[in-house]
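Notes to accompany the following structure.
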There are 2 protein chains.
Amino acid sequence: MREYTVAILGATGAVGTRLLEQLEKSTIPVKELKLLASKRSVGKKLRFKGQQIAVSEATPDAFTGVDLVLASAGGAVSKRLLPEAVKRGAVCVDNTSAFRMEKEVPLVVPEVNEEALKEHRGIIANPNCSTIQMVVALEPIRQKYGLKQVIVSTYQAASGAGQSALEAMKTEARNYLSGQEMHGEVFPVKSEPKHYPLAFNLLPQIDVFEEDGYTHEEWKMIHETKKIMSGEMNDPTLKVTATCVRVPVVIGHGESVYFTTKTPDVTVKDLRALLEVAPGVVVQDDPKQQLYPQPLTAEGSRATYVGRLRADHENPGSFNMWVVSDNLLKGAAWNTVQIAERLVANELVSVPEDPYLG
Amino acid sequence: MREYTVAILGATGAVGTRLLEQLEKSTIPVKELKLLASKRSVGKKLRFKGQQIAVSEATPDAFTGVDLVLASAGGAVSKRLLPEAVKRGAVCVDNTSAFRMEKEVPLVVPEVNEEALKEHRGIIANPNCSTIQMVVALEPIRQKYGLKQVIVSTYQAASGAGQSALEAMKTEARNYLSGQEMHGEVFPVKSEPKHYPLAFNLLPQIDVFEEDGYTHEEWKMIHETKKIMSGEMNDPTLKVTATCVRVPVVIGHGESVYFTTKTPDVTVKDLRALLEVAPGVVVQDDPKQQLYPQPLTAEGSRATYVGRLRADHENPGSFNMWVVSDNLLKGAAWNTVQIAERLVANELVSVPEDPYLG
């Protein structure tokens, strides 16, 4: 059996530490693990399968001898280093938005479009966290009943902005609860000019604004959903619109998803039965037992939780549902490791002769 | 000029204290103010226009000589006592859901359907908090361009469940931040068998469940919106569906509202211009300045804030917007006092010969 030298790029962040944990639990036979990060984390040690592994600096040559890279160190780092890794023969699964919209880069959620992995040319992109959990819930429905339109409103946790942003939100909350003023210094987007507190507040801005008034996060949900589900980021036959809101939750994104099937005579019972056997989905939908997905109960799980399934009585074929998943696991680390598992299982861990180099 | 004897029923709660404050700021000439509450609050004193007023017990005879009642002491109390008040000649503005769906009871948001006040038979109902802010934002659009469909997802603050629920959420947050376990004891609904923490969590249940899987809060948003905007709680020409979620915010409900006009060639610019001069609306919609409605900035204001206006590029005539308002003011106390102001201004503070007695 082939064994793999794996590198984790950005090993010390909120997603990085979970990549390590998910890799440890995965079926991937790891021969050697390299932990790569920026200079300031060099020397730090992290535990993997009982061993202490020291973090080394992420340079182009650090990828020599590496078969598989799991990257989550920010878009700029991926853009600079992943082509170098590919040149050195490593297949890269990238958790940043750097290459998601490139035609040459498959954008993969294994439950939805695993077959797209076959076309990879060295880099595979992991979608945006809020996109992943939505398509896991929608794909079984699309396959069986067709999908005409999706209207989503998100409730996204602070940890989606990274570990230090999460800590900032907790500090804001502590200040508020002790009667002090809150100072927003990180949210909605660190690099933007204005900052607002997130604790006990709602911020309808995730990522920067596009010219048409949508945020880039909303743009990502629209175009990534189309690319993953129909292979074409501008597919006009699958209509998608999104409103993305940051909420003062630690871990776990919520999504209120309204969708319209192509078949108008579908019932909630049909959908529930379908989702109950769908890969990666756990149905939590029993109003009588007050059972529905919640961030606090989804935290730490790889599953996508679906509940609150309801028919729009005035529009046959249209439904509301509520979807929650751990944004750091299925939304990031687990989906990345799952892609790597599928690459290994399908013997796809090799860079083709015409690699994609950005 | 006629002066009025006013009674506040449920004067000591989160909404009650704000009723006092909004009444003090209102144009209503108050001759005498009576503060009524349950036995356990009797003797408590509250300040009104420089005077200390003692709370007395809410009994049928306490309404003798009262012209105008502002009620916010729970549905059961309103059901029992408001007919008694009406019998004694008092006109009642009720902030509970007790009478909202009665044909004989106008359900009023003054910016939308003030003229419905003329038909009152002693009781006027104040709508649900989440409904009010949505119809304030939608009505100018409906009047000018028509409205075919509304799909709303709410982000509702803890204070909507009352003062003690709000304190419970803060206690949960303090426990979480000091590394202790959180015990949900109040949310989602105190009288329901199961409770979950709200702090740093999302609860997709507000009020109890109906048979079809919608919560009663969602049912209210659907049917109250229809009754207020078209006078008929089941109007099939205005389609409405809702998903209501409780979020760990102190004050200020957020709403992601997707709507479709009857005129397909409306632009975002048209809508913004219209909303900028709409009564009760403040437009906060400048992505370049990162200006958009937030609960923290809406708190304490009577206005309904609207922003994030965007066209659904794939569905001409359909739009997304983000609406925030102080749920205790426009969502409750201010709308109640505003109804009373309009009753006074239109000389409608008198019980007709055929009163509605429940």
- Query: Does residue A:125 satisfy the criteria of being away from chain B (no Cβ under 14 Å) and crowded, with 24+ Cβ neighbours inside 10 Å?
  - Reply: yes
- Task: Report yes if residue B:93 is buried (at least 24 other Cβ atoms within 10 Å of the Cβ), assigned by TED's automatic domain parsing to the domain that holds residue B:9, among the β-branched types (Val, Ile, Thr) and not in a loop (DSSP other than H, G, I, E, B), otherwise no.
- Result: yes
- Task: Taking residue B:296 as the residue in question, decide whether it is in contact with a Pro (Cβ under 9 Å, 6 or more places away or on another chain), over 21 Å from residue B:149 (Cα atoms) and hydrophobic (A, V, I, L, M, F, W, C).
- Result: yes
- Item | Filter result for residue A:275 (touching a residue at least 24 places away in the same chain (Cβ under 8 Å), outside the structural domain of residue A:98 (by TED's automatic domain parsing) and either of a type in the set (D, E, K, R) or touching an Asp or Glu at 6+ places or on another chain (Cβ under 9 Å) (or both)) | yes
- Message: I'm trying to understand the selection: among the residues of segment B:16-33, which are among the β-branched types (Val, Ile, Thr) and at pLDDT 95 or above?
- Response: B:27, B:28, B:30
- Item | Any chance residue B:139 is at pLDDT 95 or above and part of a helix (DSSP H, G or I) | yes
- Item | Residues (over 27 Å from residue A:154 (Cβ atoms) and in contact with a Ser or Thr (Cβ under 7 Å, 6 or more places away or on another chain)) located in segment B:146-176 | B:146
- Top-ranked residue in segment B:190-206 [being of a type in the set (D, E, K, R) and free of Cβ contacts under 8 Å to residues at least 24 places away in the same chain; ranked as farthest from the other protein chains (Cβ to nearest Cβ)]: B:192
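Okay, residues lined up against (1) acidic (Asp, Glu); (2) buried (at least 24 other Cβ atoms within 10 Å of the Cβ); (3) at the interface with chain A (Cβ under 9 Å from one of its Cβ atoms); (4) over 14 Å from the mean Cα position of the chain (by Cα):
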residue: B:217; (1), (2), (3), (4): yes, yes, no, no
residue: B:225; (1), (2), (3), (4): no, yes, no, no
residue: B:231; (1), (2), (3), (4): no, no, no, yes
residue: B:235; (1), (2), (3), (4): yes, no, no, yes
residue: B:239; (1), (2), (3), (4): no, no, yes, yes
residue: B:246; (1), (2), (3), (4): no, yes, no, yes
residue: B:250; (1), (2), (3), (4): no, no, yes, yes
residue: B:256; (1), (2), (3), (4): no, yes, yes, yes
residue: B:260; (1), (2), (3), (4): no, no, no, yes
- Query: From the set of residues in segment B:269-293 that are within 7 Å of chain A (Cβ to nearest Cβ) and touching a Gly at 6+ places or on another chain (Cβ under 9 Å), which is surrounded by the most Cβ atoms within 10 Å (Cβ to Cβ)?
  - Reply: B:292
- Message: Looking at residue A:106 and the list (1) on the phi > 0 side of the Ramachandran plot; (2) modelled with pLDDT of 95 or more, which single condition is not satisfied?
- Response: (1)
- Note on the structure: Reported set for segment B:224-259 where residues are in contact with a Ser or Thr (Cβ under 8 Å, 6 or more places away or on another chain) and of a type in the set (Gly, Ala, Ser) is B:230, B:242, B:252, B:254, B:256
- touching a His at 6+ places or on another chain (Cβ under 7 Å) and buried (at least 22 other Cβ atoms within 10 Å of the Cβ): does that describe residue B:335? no
- Task: Collect the residues in segment A:99-111 that are in contact with a Leu (Cβ under 9 Å, 6 or more places away or on another chain), closer than 20 Å to residue A:219 by Cα and touching a residue at least 60 places away in the same chain (Cβ under 8 Å), keeping them in residue-number order.
- Result: A:99, A:100, A:101, A:108
- Message: Quick check on residue A:172: is it more than 9 Å from chain B (Cβ to nearest Cβ), of a type in the set (D, E, K, R) and over 30 Å from residue A:115 (Cβ atoms)?
- Response: yes
- Query: Restricted to segment B:294-317, and to residues that are touching a Gly at 6+ places or on another chain (Cβ under 9 Å), part of a loop (DSSP other than H, G, I, E, B) and at the interface with another protein chain (Cβ under 10 Å from one of its Cβ atoms), which residue is farthest from residue A:213 (Cα to Cα)?
  - Reply: B:299
- Task: State which residue is nearest to the chain's Cα centre (by Cα) when the search covers only segment A:29-47 and only residues that are surrounded by 19 or more Cβ atoms within 10 Å (Cβ to Cβ) and more than 22 Å from residue A:166 (Cβ to Cβ).
- Result: A:36
- Query: Which of (1) farther than 20 Å from residue B:128 by Cβ; (2) among the acidic types (Asp, Glu); (3) within 13 Å of chain A (Cβ to nearest Cβ) does residue B:347 not meet, given it meets every other one?
  - Reply: (3)
- Task: Considering (1) within 22 Å of the chain's Cα centre (by Cα); (2) farther than 27 Å from residue A:241 by Cα; (3) without any contact (Cβ under 8 Å) to a residue 24 or more places away in the chain, say which one residue B:284 fails and leave the rest.
- Result: (2)
- So which pairs qualify, if the first residue must be in segment A:237-259 and on the phi > 0 side of the Ramachandran plot, the second must be outside any strand (DSSP E or B) and crowded, with 24+ Cβ neighbours inside 10 Å, the Cβ gap must be under 6 Å, and the two must be at least 6 apart or on different chains? A:252/A:157; A:252/A:295; A:252/A:298; A:252/A:326
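The values are calculated or read from the model by the stated rules, or taken from the named source; none is laboratory data. Just so it is clear, the model here is predicted, and its values are computed rather than measured. Cβ coordinates were reconstructed from backbone atoms using ideal geometry, including for glycine residues, and neighbour counts include every protein chain displayed.
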